[in-house]
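Engineer: Take a look at the following structure, please.
Read the figures in this text as sums done on the coordinates, not as results from a lab. All values reported here derive from a predicted model rather than from experimental measurement. No Cβ is skipped: glycine too gets one built from the backbone with ideal geometry, and neighbour counts run over all protein chains shown.
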Amino acid sequence: MPPTDNQTSGKTYIKATAKINADVCGFKTKVTAETQDGMNVELRMGSDCETIRELANLIKARNPINAFQELTPIAESVILAVCRSVLRKKGCCEACVVPVAICKAMQVTANLALPRDVVVEIAKGCCPRKVAFPTDS
């Protein structure tokens, strides 16, 4: 969903949301990201997955997240570090798509990424649709 710019008592804030359907596990998650300065982002999440709810509470405790520092290769991402520790502790799949969606919502809110859907289509055997992809090297 595209970010929205709003004026509230003279302050501009930007809000973006991400809706995640992990599909394999059947759980759904919604991420809301908001900023008033274009850099420090408040993240909130709702999910029917117990693991994601735990992860959401840990991220909420670290709010606001500095979006610019999250992108630097100098330090590990706070979001990904929290997600990794919770997923590992719970014995969950490291390929969970929720952590990436959290990062993307944060980036869109801070104007560091365009508000576009990210799609991963997985098929066993041949692809169900004819889509031109680069060939493997």
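Engineer: Which of the peptides 65-73, 45-53 is most tightly packed, and how do the rest follow, going by the mean number of other Cβ atoms within 10 Å of each residue? Can you show the working numbers first?
Structural biologist: Numbers: 65-73: 15.4, 45-53: 17.7.
In descending order of packing, they fall as 45-53, 65-73.
Engineer: Let me check I have the definition right: for region 87-128, take the eigenvalues of the Cα gyration tensor, multiply each by 5, take square roots. What are those semi-axes in whole Å, largest first?
Structural biologist: Numbers: eigenvalues 114, 79, 4 Å².
Equivalent ellipsoid semi-axes, largest first: 24, 20, 4 Å.
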